[in-house]
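In what follows, a structure is listed as structure tokens, so that the remarks can point back to it.
The values are calculated or read from the model by the stated rules, or taken from the named source; none is laboratory data. Quantities reported herein were computed from a predicted structural model and do not represent experimental measurements. A quick note on method: Cβ atoms are made from the backbone with ideal geometry, for glycine too, and the neighbour counts reach across all protein chains shown. Just the protein is used for accessible areas: all its heavy atoms, side chains included, with ligands, DNA and RNA removed. Shrake-Rupley method; radii C 1.70, N 1.55, O 1.52, S 1.80 Å.
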Amino acid sequence: MRQGDAAGAPRGPYAEHDPRRTPTEVAINRLVLWNIDLTLVDVAIVTRDAYVDAFRMVTGRPLVKLAPALGRPDSEIIFETLAVNGIAVEDHHLPRFLDALAVCFAERRGRLAKDGRALPGAKDALKAVSRLDGAVQSVLTGTIKSNAVHKLKAFGLDKWVDVEVGGYGEEVYPKATLLQVAQGRAKARYGAVFTAGNTVLIGDSTRDVQAAKIGGAAMIGVASGRSTAAELREAGAGIVLSDLSNPSEVVAAVARLTTPADRTAP
């Protein structure tokens, strides 16, 4: 997808999937960011296997203990995994491990649909939100970009997501800062300013809630993963859903928490 048409109007990421929505009709002014793991998909078995092989590739040793994800980025998990396995971390370890993880995960992408699953309602929720006027969807995830794309494609979720404006696990930022990075990328691509008034994060953990509060976004908590509904509410999620099984409920939550921003001048 390329930004802009002959008249200079930004092209929405869903125009090619819905012929009723032409580029000039899609004025992007809502940013919906999705966490991936345990919000949209569960591919933990494949992810762990990729980490096991990546660790061996980088260190020459078998992996004894994998640091828990806990909603953290791959970069943070890698540092802790090296440390708890007695590896003295050096500057070259992170880039080598990230490269190895990308290779090992890609080798297993054929297993994702077999050994993993899309969470109930994920596809229908993404499709429904894509029809909300002015909405662009991307991801804010601890997963590195290449692996995030594999996860989405394995379950047919990628067609409703603009991966170019997301935030990913190889970027060594706190998740709240990464949210602001994603807002900046969306502004550059679509010409609208994205703030707490028109950005919403959808995720399953209290870490996601904290990132939204600090980074500047509304929060929809989904009690499908790491945190309970009560924990998500206590952390400050604006709306909490039990799951994504009711697409209309998801769309209503996004619409309630976002107010379209005025487009910036060309």
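Examine region 87-97 for a residue that is buried (at least 20 other Cβ atoms within 10 Å of the Cβ), within 20 Å of the chain's Cα centre (by Cα), part of a helix (DSSP H, G or I) and modelled with pLDDT of 95 or more, and state whether such a residue exists. Full working, then the answer.
So in region 87-97, the residues buried (at least 20 other Cβ atoms within 10 Å of the Cβ) come out as 97.
Filter again for within 20 Å of the chain's Cα centre (by Cα), leaving none.
Within region 87-97, none of the residues are buried (at least 20 other Cβ atoms within 10 Å of the Cβ), within 20 Å of the chain's Cα centre (by Cα), part of a helix (DSSP H, G or I) and modelled with pLDDT of 95 or more.
May I ask you to list the residues in region 112-168 that are buried (at least 20 other Cβ atoms within 10 Å of the Cβ), more than 29 Å from ARG256 (Cα to Cα) and polar (S, T, N, Q)?
Residue satisfying the conditions is ASN147 alone.
Got at least one residue in region 225-242 being closer than 15 Å to ALA122 by Cα, touching a residue at least 60 places away in the same chain (Cβ under 8 Å) and either open to solvent by 10 Å² or more (accessible area, probe 1.4 Å) or in contact with a Pro (Cβ under 9 Å, 6 or more places away or on another chain) (or both)?
Yes.
I'd like the full set of residues that are of a type in the set (A, V, I, L, M) and open to solvent by 10 Å² or more (accessible area, probe 1.4 Å), limited to region 202-218. Before you say what the answer is, go through the steps one by one.
First, the residues of region 202-218 that are of a type in the set (A, V, I, L, M): 202, 209, 211-212, 214, 217-218.
Selection gives ILE214, ALA217, ALA218.
Could you check region 228-266 and list, in sequence order, the residues that are small (Gly, Ala, Ser) and modelled with pLDDT under 95?
ALA261, ALA265
Do we find that VAL84 is open to solvent by 40 Å² or more (accessible area, probe 1.4 Å), farther than 16 Å from LYS153 by Cα, touching an Asp or Glu at 6+ places or on another chain (Cβ under 9 Å) and at pLDDT 95 or above in this structure?
Criteria not met by VAL84.
Only one residue in ARG61, ARG109, ARG72 is more than 21 Å from SER146 (Cβ to Cβ) and either open to solvent by 40 Å² or more (accessible area, probe 1.4 Å) or at pLDDT below 95 (or both), so which one is that?
Among ARG61, ARG109, ARG72, only ARG61 is more than 21 Å from SER146 (Cβ to Cβ) and either open to solvent by 40 Å² or more (accessible area, probe 1.4 Å) or at pLDDT below 95 (or both).
Please go through region 1-52 and pick out each residue that is modelled with pLDDT under 50, open to solvent by less than 50 Å² (accessible area, probe 1.4 Å) and in a loop (DSSP other than H, G, I, E, B).
GLY4, ALA9, PRO10, GLY12, PRO13, TYR14, ALA15, ASP18, ARG21
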